[in-house]
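Chemist: Take this structure, written in C-alpha cells, and hold onto it; I'll ask about it next.
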Amino acid sequence: MASDRTLLVTGASGHLGRRVLNLLLAAGTRSIVATTRHPDRLADFARRGVVVRRADFDEPESLGAAFAGAHRMLLISTDATDGAELVPAESHAGAPGRLPPKDRDGSERRRRQHEAAIAAAEAAGIEHVVYTSLARADTSRLVVAADHVATERRIAATKLGYTVLRENVFTEVLLMVLPSAIASGALLGLPGDGGVAYISRDDSAFAAATALMTSTGRSTLELTGSEVIRRAPLARIATDVTGKDVFYVALPPEELCRRWQAAGLPASYLLPFEQATFDGQFAFTTTDYLRLTGREPAAVHDFLTANRHALARAA
Ligand SMILES: NC(=O)c1ccc[n+]([C@@H]2O[C@H](COP(=O)([O-])OP(=O)(O)OC[C@H]3O[C@@H](n4cnc5c(N)ncnc54)[C@H](OP(=O)(O)O)[C@@H]3O)[C@@H](O)[C@H]2O)c1
C-alpha cells in the first residue's frame, strides 16, 4: 500500500500523529513530511527518514515552507479549543440530559488555525486533504463541533480532494473514567440509556494513515466502533475484565459533577460529552471503518483487556 506521493502529517508529535507516522513507515512510504511546533519531539522519526519541519497554525507565515513539496496532507485537528468544551456545570442544571443551548461561535481560535492550514495547503499545491473531525459534527450540540463544521465546509469549498474522518469517542477515554469506577464500584453517569460506539486511537490512526495513502475523491466518513456500548453493559465489561463488582449509578448533573470532582476527574470537561451521550450523539455504528481499512475496529472488551494494567492502577 506504499504511496509514491509525499505524505504530510500535521500536529505530528501528538498521540494520533506519532501513531500515523509509525504506520506510514511500516507501510514502506518513501517520502513523509511531519510538521510540528516542536521538531525536537520528533527526533526519533527524523532518524528514521521522516522530514521534520516546524509549523504552527497560529503563525500562517510558517506554513508555506513547511508544506512545500507535499502532495497529500493529514490535517490533525488541533487541541486548541480554548476551553470551549468546558461548559460550566451550572448551565446543565435542571432535568437530567438537558443540553446547553447551541453555541455555533464555539472555539474560534481552532477554526482560524485550520483555515490557515487549508489555505496553505491550497497554496502549496496539495492534492488531497484528510481531516480528523467529530462524530455527527453537523448535527452535534457540542460546542466544539462548531469549528469542525466550519473546517469541513472550508475544505469542501476548495478544489482539493478530501476525506473527512468523523471520529466517535476514543476508547481511551474509558482509561480516564473507569479506574475510579472500578475502585468505588460505581460507574457514574446521567440517567438514561446513553451509549457510545467507541473507537480506539490505534484504529483512528490506522484509518487516517489508510486514507492518507489511498483515498481519492471527496467523502465524509463516520468512524465508529462496531457496537454501541451502553452504561450498564459497560459496567459489566469492567467487572468481567477486572473481577471487581462495578454497577452503573445514575445521578442528576449537579451531583454527577460533584462526585466526579471528588474522584479527581475533570467534571467540566466530561459533562458536555456525557450530555451528548445522553442525547444519543455517539450511539450509532457504521461500516465506514471496515470499508476504508478492510478490517474491524477493536472491540471495547478486547481493548480493556489489553489495557487491564491501566484499569487496575487506580483500583
Ligand atoms: N474523538 C475523541 O474522543 C477525541 C479525543 C481526543 C482528541 N480528539 C481530537 O483528535 C485530535 C488528535 O488527538 P490526539 O490524541 O493526537 O491529541 P493530542 O495528542 O493532544 O494532539 C493534538 C495535536 O494538535 C497539534 N496542535 C496544537 N496546536 C497546534 C498549532 N497551533 N499548530 C499546529 N498544530 C497544533 C499538536 O501538534 P504539535 O504539538 O506536534 O505541534 C498536537 O500534536 C485532537 O486534537 C482532537 O481534535 C478526539
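Where a number appears in this text, it was derived from the coordinates with a stated rule and is not lab data. Predicted model only: the values in this text are computed from it and were never measured.
Chemist: Enumerate the whole-percent occupancy of each 10 Å bin, from 0 to the last occupied one, for all C-alpha pair distances of the chain.
Modeler: Binned Cα distances yield the sequence 6, 26, 33, 24, 11, 1.
Chemist: Could you check what % of the DSSP bridge pairs in the chain are antiparallel, to the nearest 5? Can you show the working numbers first?
Modeler: Numbers: 2 of 34 bridges.
Beta bridges within the chain, antiparallel portion: roughly 5 percent.
Chemist: Another one. Given only helices, namely DSSP H runs of n ≥ 4 each adding -39500 (n - 2.57), what is the per-residue ellipticity at 222 nm of the chain, to the nearest 500 deg cm²/dmol?
Modeler: Dividing the helical sum by the residues of the chain leaves -12000 deg cm²/dmol.
Chemist: In whole percent, what relative contact order does the chain give with Cα contacts below 8 Å and a gap of six or more residues?
Modeler: Values: 636 pairs, mean separation 61.5, N = 315.
Relative contact order comes out at 20 percent.
Chemist: Amide H to amide H, which residues 5 or more places from Val52 or on other chains are under 5 Å from it, using H placed in the peptide plane?
Modeler: Ala34
Chemist: Taking amide hydrogens as modeled 1.01 Å from N in the peptide plane, which residues meet the under 5 Å criterion relative to Asn307, leaving out close sequence neighbours?
Modeler: none
Chemist: Report, in degrees rounded to the nearest 10, the 0 to 90 angle that the Cα long axis of helix 173-184 makes with the longest principal axis of the chain.
Modeler: Helix 173-184 sits roughly 20 degrees off the main axis of the chain.
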